[in-house]
Amino acid sequence: MPTTETKDIIVNELKQRIAGFSRDISDTSVGTVIAIGDGIVTVSGLPEARMSEMISLGEGKDVAYGVVMNLEEGQIGAIILGEYQNITEGDVVKATGRILEVPVGEAMIGRVVSPLGTPLDGKGAIPSDIFYPVEKVAPGVITRKSVSVPMQTGIKAIDAMVPVGRGQRELIIGDRQTGKTAIAIDTIINQKGKHMKCVYVAIGQKESKVAGIVAKLEEHGAMEYTTVVLAGASDPASLSYIAPYAGTAIAEYFLDKGEDVLVIYDDLSKHAVAYREISLLLRRPPGREAYPGDVFYLHSRLLERACRLNEECGGGSITALPIIETQSGDVSAYIPTNVISITDGQIYLETDLFHQGVRPAVNAGLSVSRVGSAAQTKIMKKVAGKMRIEAAQYRELAAFAQFGSDVDDETAKRLERGKRISEVFKQSQYSPIADEKQVFIFYALLNGFVDDVPVEKVHSFEEGLYAYADTSGADTLAELHKKGTFDGELEEKLKALIGDYRATLDYLETSSESKKGKKEEKT
């Protein structure tokens, strides 16, 4: 039995030890793997870890990195970025103190990279000492400016009916194999010479498909201003999850320099599925269609980063074209409705139209741009203002007319013009058309210059008009491009040029004589 004196000595010694205790910071920055599976790791320790902080697992050459996603009492949940086969229970985990970030800069242009900024194109390392956080708060309302500068896609049906402006978020939506990616790639190709950087984010796509896209971009000289961020179909869900945020971070570097950037997310349906997989493995409560409750926030915090800044903040812009894949045209499904409510309009591609040979298969009735004519030049606004209404009315009249044999003259005239509008809206892939050339054909359409052209000849009429304008009307084209608006003199030049071109066509005389003969015979 210790004496009172002995007890006092022990107590005093303990007090001295406690008073001189200083916690080593390394004790709070080291943890242990207690469970690992399906790209998700549970770690004990790391009491000071933060959300989205990077952690390192293992040591030496086998070190892997992860990102903190769950903060629980006594443990954390993290997703592993990349391979995780070499990680085992009991491995040491260290906090890095760094929020997940990716390298950015001019060196990223023309390269194919992973969501972590690692080169995937075999062209060597990417020299960059600038890093941007993957997750970032979107610019506030005060720093923004309304969308008013056009971002031409080069696709007639879109530039006329659902125009996109710099700083806008326009959704491309439709079933699989309806030409969604084709619209995105044509838009990138059309930005050549327009002082626009492009970032194409491939989420869960086959590597072979992306290789084909990169080859086409190189063929058209578009990789000179484009970065491709690839999270392949064989990559872990964690990389698909961070890919769109990483692509946006790369774009924000140019935004901060006052430049314009186009970002394409192909596609956010696969992104939502990857996030659902991660969330369920982290044991987060499932909600509708097993998606977690914050799946709306997942996409809203991404797309809110697309904006146009005012001059005081640099005047740059990020234009977002997210892609969503629907099942059997169901735009009322959970993820499509979420993204529709976040974006500033949608380009709806219809399967039936696609199979009828109307490509791009843009549905004029369901497609809308909430920015509207503010994203068009004055001249395009004037010639294409009625185009969307006429295209939508034609589809309704065509559906109605097929049930009746006789239609009045006014309806017949609308149907005939609608057929020609549909033909003009057909466009081959990888062949975007300059804004001033679109003005030529739209002006000809709406002013009756194409009414007597046989429907099967409309495409050749249009191609011939472009070629004739390049040679005989080069000055008029240049004036259209420079002015961006109509005046009486320019309109007369346009009419004269179209009239001169029509005079070179033999089939128009044949067509008009045939119609005249039929009219006399009927009389």
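Couple of notes before you dig in:
- With the helix formula -39500 (n - 2.57) applied to DSSP H stretches of n ≥ 4, the chain reaches a computed 222 nm mean residue ellipticity of -12500 deg cm²/dmol.
- Whether the range 193-256 is rounded, prolate or oblate, judged on the alpha carbon gyration tensor where a/c under 1.5 counts as rounded: oblate
- The coefficient of translational diffusion for the range 192-331, derived via Stokes-Einstein from the alpha carbon Kirkwood radius under 20 °C and 1.002 mPa s, stands at 133 µm²/s.
- Charge sum, other residues only, whose C-beta stays under 9 Å from L120's C-beta, Lys/Arg counted +1 and Asp/Glu -1: -1
- Spatial extent of the range 305-387: Rg and Dmax, with the Cα atoms as the point set, Å: 15.7, 49
- Charge-dipole axis of the chain as Lys and Arg at +1 and Asp and Glu at -1 on Cβ define it, positive-most pick from L116, Q205, G473: G473
- Note on I18 and S341: the model spin-label points, each 7 Å out from Cα along the C-beta direction, lie 5.5 nm apart.
- Under the Karplus curve 6.51 cos²θ - 1.76 cosθ + 1.60, θ = phi - 60°, whole-Hz ³J(HN,Hα) for the range 168-182, x wherever Gly or Pro sits: 8, 10, 10, 7, 10, 9, x, 5, 5, 6, 10, x, 5, 5, 4
- Of all segments of the chain bounded by chymotrypsin sites (Phe, Trp or Tyr not before Pro) found in a DSSP loop with no more than 11 other C-beta atoms within 10 Å, the longest spans 22-402.
- Legend: calculated FRET efficiency, H355 to D451, from the Cβ-Cβ distance at R0 = 30 Å, rounded to 0.05, equals 0.60.
- For the pair A233 and I126 in one chain, pulling the backbone fully straight at 0.36 nm per residue adds 36.2 nm over the alpha carbon distance.
- Rounded FRET efficiency, nearest 0.05, which uses the C-beta distance separating Y297 from A401 and R0 of 41 Å: 0.30
- When the surface is traced with a 1.4 Å probe over the full set of protein chains, C313 keeps roughly 60 Å² accessible.
- Subset of K386/K413; K145/K180; K145/K437; K156/K180; K136/K270 violating a 19 Å alpha-carbon distance limit: K145/K180; K145/K437; K136/K270
- Percent carbon-and-sulfur accessible area, the range 207-277, ignoring ligands, DNA and RNA, probe 1.4 Å: 50
- Prolate/oblate/rounded label for the range 49-148 (Cα gyration tensor, a/c 1.5): oblate
- A cut-off of 5 Å between modelled amide H atoms, ignoring neighbours fewer than 5 places along the same chain, links A233 with Q205, K206, E207.
- Inter-site label distance for L415 and L505 at 7 Å from Cα along Cβ, in nm: 2.2
- A straight line joining the Cα centroids of the range 286-356 and the range 113-173 runs 14 Å.
- Largest to smallest principal axis extent of the C-alpha atoms in the chain, angstrom: 133, 48, 43
- Residue-normalised accessible area of the chain, expressed per residue, 1.4 Å probe, Å²: 47
- Taking amide H positions as modeled 1.01 Å from N, with prolines and chain starts lacking one, the residues under 5 Å from V149 and 5 or more places away or on another chain are R166.
- Amide H contacts for N310 (H built 1.01 Å from N in the peptide plane; partners 5 or more residues away or on another chain; cut-off under 5 Å): R144, K145, G315.
The values are calculated or read from the model by the stated rules, or taken from the named source; none is laboratory data. All values reported here derive from a predicted model rather than from experimental measurement. Because the Cβ atoms are built from the backbone with ideal geometry, glycine has one as well, and the counts that use them run over all protein chains shown. Surface areas here come from the heavy atoms of the whole protein model, side chains and all, with no ligands, DNA or RNA. Shrake-Rupley method; radii C 1.70, N 1.55, O 1.52, S 1.80 Å.
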